[in-house]
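Engineer: The following block contains the structure, expressed as structure tokens.
The values are calculated or read from the model by the stated rules, or taken from the named source; none is laboratory data. These figures come from a predicted structure and were not determined experimentally. With ideal geometry, Cβ positions are generated from the backbone for all residues, glycine too; neighbour counts draw on all protein chains shown.
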């Protein structure tokens, strides 16, 4: 069973979502992502993928989770995005299927991750990636990186967008068509 730092509460806030071209289903994503369990999934991803990196890099990791939840090619909730592929490799986020405990061990970093998750759910326009749905650590070179458009390198991660996602033409994703992932 997966657990988070015991006794840490999430602040659930509400607000008006500003329009952002990076997310297609902003209001739906914000409503779902505001649920405590969903914010915990975002915070765990921040913690495990970008703990110790600058705030902008942590926001970028959170943005990818939210951008995926808003993209019809991915699951609809942050937790489903993070858990896509299951707990056995291959999975979408290495921390989810690495076989190690997911419980945060650094309380200051965990509290920071929770704060950033809350801020990103409330203000997705803070997305420093401008809509990225993929990232990898700069020390690795996955083959899939050639399929997508590199949009930013922030901290220790490179961020990418699917060029078909922004293309409304019949050749792109357009409407209900979903781009195939490598």
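Engineer: Sort through 130, 67 and tell me the only one that's within 21 Å of residue 156 (Cα to Cα) and part of a helix (DSSP H, G or I).
Structural biologist: 67
Engineer: Checking residue 81 against (1) assigned to a helix (DSSP H, G or I); (2) under 19 Å from residue 165 (Cβ atoms); (3) within 10 Å of the chain's Cα centre (by Cα); (4) in contact (Cβ under 8 Å) with a residue 60 or more places away in the chain, which test does it fail?
Structural biologist: Result: residue 81 passes all but (4).
Engineer: Being surrounded by 14 or more Cβ atoms within 10 Å (Cβ to Cβ), part of a loop (DSSP other than H, G, I, E, B) and modelled with pLDDT of 95 or more, is that true of even one residue in segment 149-156?
Structural biologist: So far as segment 149-156 goes, yes, one or more of its residues are surrounded by 14 or more Cβ atoms within 10 Å (Cβ to Cβ), part of a loop (DSSP other than H, G, I, E, B) and modelled with pLDDT of 95 or more.
Engineer: If you go through segment 41-56, how many residues are farther than 16 Å from residue 140 by Cβ, touching a residue at least 60 places away in the same chain (Cβ under 8 Å) and surrounded by fewer than 23 Cβ atoms within 10 Å (Cβ to Cβ)? Can you show your working first?
Structural biologist: Here is the first cut: in segment 41-56, the residues farther than 16 Å from residue 140 by Cβ are 41-47, 51-52, 54-56.
The next check asks that each one be touching a residue at least 60 places away in the same chain (Cβ under 8 Å); those that pass are 42-44, 46-47, 51, 54-56.
Among the residues that remain, those that are also surrounded by fewer than 23 Cβ atoms within 10 Å (Cβ to Cβ) are: 51, 54-56.
Number of matching residues: 4.
Engineer: Ok, one more. Against the condition in contact with a helix residue (DSSP H, G or I) (Cβ under 7 Å, 6 or more places away or on another chain), modelled with pLDDT of 95 or more, closer than 17 Å to residue 56 by Cβ and not in a helix (DSSP H, G or I), how does residue 109 come out, does it pass?
Structural biologist: On the way: in contact with a helix residue (DSSP H, G or I) (Cβ under 7 Å, 6 or more places away or on another chain): yes; modelled with pLDDT of 95 or more: yes; closer than 17 Å to residue 56 by Cβ: yes; not in a helix (DSSP H, G or I): no.
No, not satisfied.
Engineer: Let me ask something else about it. Do you know which residues across segment 138-151 are in contact with a strand residue (DSSP E or B) (Cβ under 8 Å, 6 or more places away or on another chain) and more than 21 Å from residue 74 (Cα to Cα)?
Structural biologist: Passing the criteria: only 138.
Engineer: Among the residues in segment 161-174, are any out of contact with any helix residue (DSSP H, G or I) (no Cβ under 7 Å at 6 or more places or on another chain), on the phi < 0 side of the Ramachandran plot and either in a strand (DSSP E or B) or modelled with pLDDT of 95 or more (or both)?
Structural biologist: The answer is yes; a qualifying residue exists.
Engineer: Can you find, within segment 110-120, the residue that is farthest from residue 156 (Cα to Cα) among those that are surrounded by 17 or more Cβ atoms within 10 Å (Cβ to Cβ) and over 11 Å from the mean Cα position of the chain (by Cα)?
Structural biologist: Here the residue is 118.
Engineer: Related question: Taking the options 28, 38, name whichever one is in a helix (DSSP H, G or I) and either modelled with pLDDT of 90 or more or in contact with a helix residue (DSSP H, G or I) (Cβ under 6 Å, 6 or more places away or on another chain) (or both).
Structural biologist: Working: 28 fails: either modelled with pLDDT of 90 or more or in contact with a helix residue (DSSP H, G or I) (Cβ under 6 Å, 6 or more places away or on another chain) (or both).
Selected residue: 38, the only one of 28, 38 that is in a helix (DSSP H, G or I) and either modelled with pLDDT of 90 or more or in contact with a helix residue (DSSP H, G or I) (Cβ under 6 Å, 6 or more places away or on another chain) (or both).
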